[in-house]
Each structure stands twice: as C-alpha cells, then as structure tokens.
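One structure below.
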Amino acid sequence: MAVVSLRNSASSLLLFSRRLFSPELKAQCLYHIKVVDHYENPRNVGTLDKNSKNVGTGLVGAPACGDVMKLQIEVDDHGMIVDAKFKTFGCGSAIASSSLATEWVKGKSVEEALKIRNTEIAKELCLPPVKLHCSMLAEDAIKAALSDYRIKQQDKKEKRVQATG
C-alpha cells in the first residue's frame, strides 16, 4: 500500500514539476500576454541604411542587465516618421519594448515621437517594476535615434549653405 501511494505521489510531483518548469508556462507566468505577443511576433525587426541623411540611429544599453537596443527611424521630407526598425539583444521585455516603440513612432512627427514616455510603454505592456528599465531603454533609443537624425539634418543644412556661399 505504501509503495502505491509513493508511486502516485512521485508521478504527481513529476507532472507538477513539468508544468512548473515548462518554457511555455514559465513565459506566461512571468510575462504579460502583450509582452509574449511582441516577443513571439516582433514587429519591424531589421535595419535601415545608417548612412542615409533621412535615417536616425539610436544605440543604447543597460550594463546592469546586458540589454542592448538599436532603434532606427526613417523620416520623410515633411518631418514624418515613415519607417522604424530595431535589433535588440536582451530579455523578452526589452524585445517587446523595442517592438512596441517602433510601432508607436511610425506615422508620428519627430516632435510627437519625442513625447513618447517609458511609462506609457510600460503601462501598455503591463511591465512589472523589475522590468521597467526595458521601457526606459526604449524611450532612450527613440530619443537617441531622433537626436542622430537631427544632427544629420543640421549637417545637411550646413553643407547646403557652404555650397551656395
């Protein structure tokens, strides 16, 4: 009798541990469904031509956790962001934050994109406090890409002035 109940307990424990440590369940327990969606189906992964005067590139990282995020924007002649791409090395929340950031900046003006805050990204993805640095990286990447774009535009204007002067 004791052997049978021990066997039943062992098989129940094995089943429980498989469920507890299965990657599918673990991802769903630790990450909100929105994070899982952006992680499994990331939007706008890739790169744009960094040498183009209409492309701004932002590269940011968090040494504490090892996340690195590259976000690029392409801006048309009217100051509207027409495309955005990202590449991120990091956790699911960092990838999801990058993916969402590229979705949000597309179709916005440069000024509107500067108003995107990490708190909005974190709220949309339901990030826990321990993952807020991922949304902060996304905001920093947007700002860095826009800064790079503006520097290129300033250089472009200066070259035009030199050519006409």
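The values are calculated or read from the model by the stated rules, or taken from the named source; none is laboratory data. This is a predicted model, so every value here is computed, not measured. Here Cβ is always computed from backbone atoms with ideal geometry, including for glycine, and neighbour counts include all displayed protein chains. Note: accessible area is taken over every heavy atom of the protein model, side chains too, but ligands, DNA and RNA are not part of it. Shrake-Rupley method; radii C 1.70, N 1.55, O 1.52, S 1.80 Å.
State which residue is nearest to ALA62 (Cα to Cα) when the search covers only the range 126-145 and only residues that are open to solvent by 50 Å² or more (accessible area, probe 1.4 Å) and in a helix (DSSP H, G or I).
Per the criteria, the residue is HIS133.
Yes/no matrix, rows are residues, columns are (1) touching a residue at least 60 places away in the same chain (Cβ under 8 Å); (2) under 17 Å from SER109 (Cβ atoms); (3) open to solvent by 60 Å² or more (accessible area, probe 1.4 Å):
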| position | (1), (2), (3) |
| --- | --- |
| HIS38 | yes, no, no |
| PRO42 | no, no, no |
| VAL45 | no, no, yes |
| ASN54 | yes, yes, no |
| CYS65 | yes, no, yes |
| VAL68 | no, no, yes |
| GLU74 | no, yes, yes |
| HIS78 | no, yes, yes |
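Residue by residue through the range 112-125, note down the ones that are more than 14 Å from the chain's Cα centre (by Cα) and in contact (Cβ under 8 Å) with a residue 24 or more places away in the chain.
ALA113, LEU114
Which of the residues that make up the range 80-99 are open to solvent by 10 Å² or more (accessible area, probe 1.4 Å), touching a residue at least 24 places away in the same chain (Cβ under 8 Å) and within 29 Å of GLN154 (Cα to Cα)?
MET80, VAL82, ASP83, LYS85, LYS87
Which condition number does THR102 fail, the rest of (1) assigned to a helix (DSSP H, G or I); (2) open to solvent by 30 Å² or more (accessible area, probe 1.4 Å); (3) touching a residue at least 40 places away in the same chain (Cβ under 8 Å) being met?
(2)
Would it be correct to say that LYS123 is of a type in the set (Lys, Arg) and either in contact with a helix residue (DSSP H, G or I) (Cβ under 8 Å, 6 or more places away or on another chain) or not in a helix (DSSP H, G or I) (or both)?
No; evaluated as a whole, the condition is false for this residue.
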